[in-house]
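Below is one structure, written out as structure tokens; the observations come after it.
The values are calculated or read from the model by the stated rules, or taken from the named source; none is laboratory data. What you see is a predicted model; the values in this text were computed from it and never measured. Cβ placement follows ideal geometry from the backbone for every residue including glycine, while neighbour counts extend to all protein chains displayed.
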Amino acid sequence: MEVPAGARTRGVALLVALLSLVSVAVGAETGARVLLEDTFVDNRNGWVEDDNEAARFAVASGAYTLEYKRESGYWISTQPVELGQDDDFEIDAVIDRVRGGSDHRSGLVWGCRPEAPLSFSFFVVSADGVVSAGRQRGDHTVFVLKDVPYPRIQGDEGALRLTVRRHGLATALSVNGFRIGSILSEPPFGGDVGFYVRHPGGVCVRSLRVSATPVPGPTSLSSGAEERQPGPTSGETSGSARAEYREADKALGDRTRPAAARVEKASGHAQRALERAPGDARAHVVAARVALAGGDRRGKGYDEESVQTKALPLIEKALALDPDSADARRTEAEIRLALRDSRTANLALARSLELSPPRGLSFFLLGWYFRLTGRPDAAEKAWAQGIAAAESVDERAALLERVALQFLCDREIERATALLAASLALVPGCPDALRDLGDLQAAAGR
């Protein structure tokens, strides 16, 4: 089937529009600069001070005391800072005397929009030794990390240093220099930074420093250093096993064949690789990707039972063998997204971005995550970055096809049609894309 000239033109126009979004995400490198710093010897920065039936906030004697009195709800105090939508930053605060019951939480907020509906990202600690992180939008709370233990120092009265550091697409969280984990750098709701208290209890903040941090090299559009591949951890991987999983990868990426034929051929190679190297993490990653492809219903989501029973155990085994493989973490994120598990997908993708610079697939998965969590504008921006980051025409065409299928899942027929046409304009002859495009055009004709 030949792609009609009109569809090809619309597809290329949509591709250009998507790529134009990239310019807003790429800026010149800048040096670190302090945006807000306070040791609370006085209230020169104008923090909220109040004492009412709900809360008490006071600056005195080198501390900002925040106390919440009610049995439910929370209170925040923030200041505006000059951070752009895509700027990297570090927030560092020293707090002490975290006190309250097991439900009490206090800590940092950023990307805050103080107008209704009050919305922000948060990183908070409790008096009983756990931290949580996520996003709040009005009355809706989404936890990405919840009740993760942190290293205690001198019990509840010890000082704690909370650090939030955004670098590119991942934001690292630490307590007392101990890495708690990383979460995805999500679009901020607004520009305020500050403090949070929830449920009865209080905290004293001793210092706060907010800095815009430099980006040491490209983190948005370049694949950067070569990525370490997952390796064997028990015994040696035979050359024949490596050959098998490379053939599986090759078969899976051969878009000149129908998807079912690709999966069938790749499955045989992946199975032989597992038989010859059962302790090889890479073999399990490839086998997991093959199993995931087998559950793909092209524009109709995934067969979740198939993904749950076939792909998920394989990637869990790969991570048990090599937990620091970026490829394995990225594949874990893709499997979790197919299962609509946005929370675990967030952590897996953020970890992969810590281990390796982003590539085209990373941005596609980021866009999928944003689409799944109800932020279509952020999704399209991420997909534009992924298309721009593609290292070959074939990869760009494959990404366009995958974005098209995301739109098709949501029944956005016109956009799906245009993107399939753009993919075929780059690499003609993909039978699945040709069939899908023909079906869409036939349906539009009816």
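So the values come out like this:
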| read-out | value |
| --- | --- |
| Filter pass, Val124 being hydrophobic (A, V, I, L, M, F, W, C) and surrounded by 22 or more Cβ atoms within 10 Å (Cβ to Cβ) | yes |
| Test result for Ala293, surrounded by 24 or more Cβ atoms within 10 Å (Cβ to Cβ) and either among the aliphatic types (A, V, I, L, M) or in a strand (DSSP E or B) (or both) | no |
| Selection count where residues are assigned to a helix (DSSP H, G or I) and farther than 21 Å from Leu405 by Cβ, scope the range 316-334 | 10 |
| Contacts under 7 angstrom Cβ, first residue in the range 394-411 being within 19 Å of Thr373 (Cβ to Cβ), partner surrounded by fewer than 21 Cβ atoms within 10 Å (Cβ to Cβ) and charged (D, E, K, R), 6 or more apart | Leu405/Arg298; Phe407/Arg415; Cys409/Lys300 |
| Every residue from the range 46-63 that is part of a loop (DSSP other than H, G, I, E, B) and crowded, with 20+ Cβ neighbours inside 10 Å | Trp47 |
| Residue under evaluation Gly374, criteria (1) under 27 Å from the mean Cα position of the chain (by Cα); (2) in a helix (DSSP H, G or I), criterion not met | (2) |
| Matching option when the condition is within 30 Å of the chain's Cα centre (by Cα), assigned to a strand (DSSP E or B) and at pLDDT below 95, among Val12, Val34, Val22 | Val34 |
| Residue count, the range 64-73 (criterion: crowded, with 20+ Cβ neighbours inside 10 Å and either in contact with a His (Cβ under 9 Å, 6 or more places away or on another chain) or over 21 Å from Phe120 (Cβ atoms) (or both)) | 1 |
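Per-residue answers, yes or no, for (1) more than 20 Å from Val144 (Cα to Cα); (2) buried (at least 18 other Cβ atoms within 10 Å of the Cβ); (3) touching a residue at least 12 places away in the same chain (Cβ under 8 Å); (4) of a type in the set (Asp, Glu):
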position	(1), (2), (3), (4)
Ala277	yes, yes, yes, no
Ala281	yes, yes, yes, no
Arg297	yes, no, no, no
Val307	yes, yes, yes, no
Ala333	no, yes, yes, no
Leu337	no, yes, yes, no
Ser362	no, yes, yes, no
Arg371	no, yes, yes, no
Ile387	yes, yes, yes, no
